[in-house]
Structure formats: C-alpha cells, structure tokens
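See structure below.
What follows is calculated from the coordinates using simple rules that are stated; it is not laboratory data. Since the structure is predicted, the reported quantities are computational estimates derived from the model, not experimental observations. All Cβ positions, glycine included, derive from the backbone under ideal geometry; neighbour counts span all protein chains shown.
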Amino acid sequence: MTINRRTVLSGAVSGLAAGLVKRTAFAAGSYDPGASDKEIRIGQFGPLSGPVSSFGVLANAMDAYFRMVNEQGGINGRKITFINYDDAYSPPKSVEAARRLVEGDQVLFIAGAMGTPGNIAVQKYMNARKVPQLFLAAAASKLSDSVNAPWTMLWSTTYEHEGSVIGRHIASTWPDSKIAVLYQNDDAGKPTLTGLKHGLAGKTSQIVSELSYMIGDPTIDSQIVQMKISGADVVSLITIPRMASQALRKMAALDWKPKVFLGSGNSSTRATLKPAGFENAQGVQALVTRQDPGNPLWAGQKDMQDYMAFLDRYAPNADRADDLYAIGYTIAATTSHVIRACGDNLTRANVLRQATNLSSFAAPLLVPGITMTTTPTDYVPIKQFQLMRFRGEAYEKVGGLLSAF
C-alpha cells in the first residue's frame, strides 16, 4: 500500500469519525446505579448457613457462570460483578441483605435470590425502591404479581400451578384414590396445597389426611404414621428434600407402599432419593421442568454436555449431580440473556422491560420443549411440566408435557 498525504488525511478523518462514533455510543448509554461503561453489578442473597444451607450452592453456580462470562469478554463489553450475602433462610436477614445490596453495594438489580419467605419479606422494599427483583428461586404467586409488585418476578413457575397439575393428574388417573398430603407450613407449602386442591376440583373430599410440619422440625415420622392410619393410597409430599427423604424411609419402615408424588423442588435424585435409599423410592412420580444432571437420560443433550464442560473448567470441585447447582447455572444464563437484550440502556426500568418480554426463551437445561415466556401482565415464565417416574436408579419420562392450563 502506498502511503501519501491523502492517505494520512483520510485516515485521520476516519479515526476522528470513529472516535466520535465511539464517544457518541457511550454518551447514548443510559445507566442507573449499578451500571456503567465497564461494569454491571448484580446482587443475590440466600441460605449459606441455617436449616437449608445446602441450597447455598445455587449462588456458587451463579458466581461461576458470571466468571465464565467475564472471561469471555463480559456482556456488551461490560464485566459482571456478582455480590451475594447469606440470609440463613431468615426473613429479617433477607431484608438486611437486600438493603445492603441496594443501598451499600448499589447493585443494578437482584437476581436468583433463594427462598420464598425471604423474597416475600423484601418484596415491598424492592418495589418501593423500584429495583428489579428477578428470576427468584422461589415459586409463591405473591412473587409474580404484575399489578401490585411489578418489580418482582419468578424464574420458573408458581406453587399453585404445580400443585394444580399434580391434582389434575391424580384426579384423572386414580379417580377413586384416598389422598394424604404432607406440606410445609409456610408460604411455600400452603400455596402448593391450594393448587393441589384446585386441581382435584370435585375430588377434594378424597383427601383423608392433611398434615403439616415446620421447617425447623427434626422429623416428620409421626405425621407419616398418621397418614398410613388414614388408609391413604396416594401421597403428595409438599416438602423440602430432607423431609421427603425422611418420609420415604419411614414409609418403607412401616411397609406402606402408596403412590407418592414429589414436586420440582424436592424430586432431586441426589438430594432426596439417594439419601432415602433407591430401594425406597421405586415408582415415585414427580413433575419437573429441568434436566437433572444426575440422570443419564439427559446425558446426550447438548445443553447438558455444555453444562458438564462448564463444570470442568469453572467449578471442578462441584458435585456434578447437584440439581441446585444446575438451577443456579440456568438462572445466571437467563439473567445474562436479559442483560444482553438491554444493550446500552442499562436502566432498571429497561432491565424489567426485557425480563417481562421473554418470548419462548429456551434457557439451558430446561426439559426439551419447555420454554420461558413473559409479558408485562404475566410474570410466570414456565407453565409446562414433564411427569417423571423413578425406576432403578434414575427417573424416566412418562408421557408428554403437561400444561398448567
């Protein structure tokens, strides 16, 4: 190439124009606290200690995912700073953590906060401050109220939706069954029970035993004994994984073999069925929305292969079969999708706008065919489920997808 005065002048003009375009692009960027030309700060809280401290790995997965994102250049040229705090599954500590994230760390928004009680406790504060509280690892319908709490949104589905699908399945498959229910007496268990009864419709009178427990209770053995005495032949366990494991072991000890239903929150092979003993979990049915990394059924899926490669590089010490870690990965991927859609308009209002306009988004590790869709008036992203049955040492699919409607 020949370099002359015209070439130099032309290059200078081009360089000046490029510089102006670059400065104009930055000037056109819109930012709220927690975002800049170089950084996006995201907050999260959850139980790293306390009665459900095992759920804390979700935050570890999100942190690892954002480290991967940053290593690959960030999102739209900006690095992600992920800040999370322990709330010990205690609502007052959740409120403290949220205030610290918003007022101290000045995060752009909160994503993937873990637990129904804590998220409900901070919901009023987050909405008053107009800070998005998104893709929550919880399922209470109170957290998907687009009218009264428009800055708060779930990641998956609601307890009511899931309970309703289980109820409809029981009513149609075993119309003459006697049903026993064990539920956690809080904002997670009670809405699922409400949904179950809605799904049973005219067959709610077939519930012959309806018992509860508190999350701090050491055992639920006495409830299982009472449920057996009731004569129930179908059982719905609306519990955390630890209590579901206890229930399955106690049923086996009593030589009681009802049909057992679990939900998406307590059906993990690793966290529930393995501690219960696979021999005590045969025939257990569950609704799921995600691929379980501990199930060979999904090993050939590209999503699962990508996830395993992610673990190899960014979390080599993580339990590869831990479903909670996989949930954190999927929530972080969904969060990244929304940030990417924001472009240079990184205001809290635009983050919310993008989150509430998802269109058939196939988040990684969802069961094939299940996607996420939201609108400004519909804050429940997932409304389909896959029925599974446990056989041998893994779940198998039963039929096609079930819809909440």
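Selection among Ser144, Ile238, Ile120 by position relative to the dipole of the stretch 105-244 gives Ser144 as farthest towards the positive end (Cβ unit charges, Cα centre).
Around Gln246, with a cut-off of 15 angstrom between Cβ atoms, what is the net charge of the other residues, counting Lys and Arg +1 and Asp and Glu -1? Result for the local shell: +3. Each distinct pair of alpha carbons in the stretch 30-149 adds a 1/r term; the inverse of their mean, the Kirkwood radius, is 14.5 Å. Within the straight-line cut-off of under 14 Å between alpha carbons, the aspartates and glutamates reachable from Lys142 are Glu160, Asp186, Asp187, Asp378, sequence neighbours fewer than 8 places apart in one chain being disregarded.
A Förster distance of 35 Å, applied to the separation of the beta-carbon atoms of Val147 and Gln305, puts the FRET efficiency at 0.25.
Holding the Cα-Cα limit at 20 Å, pick out from Lys197/Lys257; Lys250/Lys274; Lys257/Lys383 the pairs that are longer than that.
On the way: Lys197/Lys257 23 Å; Lys250/Lys274 14 Å; Lys257/Lys383 31 Å.
From Lys197/Lys257; Lys250/Lys274; Lys257/Lys383, over 20 Å: Lys197/Lys257; Lys257/Lys383.
Count Lys and Arg as plus one, Asp and Glu as minus one, and take only other residues whose Cβ is under 13 Å from that of Gly294; the net charge is then -1.
Remark on the chain: hydrodynamic radius 22.4 angstrom, per the Kirkwood mean of 1/r across alpha carbon pairs.
Under 15 Å of direct C-alpha separation, and excluding same-chain neighbours fewer than eight residues apart, Lys397 reaches these aspartates and glutamates: Asp292. Straight-line reach from Lys79: taking Cα to Cα under 17 Å and skipping same-chain neighbours fewer than 8 places apart, the aspartates and glutamates in range are Asp32, Asp37, Glu39, Asp63, Glu71, Asp105, Asp344.
Take the chain, mark every one of the trypsin sites (Lys or Arg not before Pro) that falls in a DSSP loop and has at most 16 other Cβ within 10 Å, then report the longest stretch left between them, sites excluded. Let's see the in-between values first.
Details: sites that count: Lys38, Lys130, Lys178, Arg320.
Longest run free of exposed loop sites: 179-319.
Net charge in the neighbourhood of Asp221 (other residues with Cβ under 15 Å of its Cβ; Lys, Arg +1, Asp, Glu -1) is +2.
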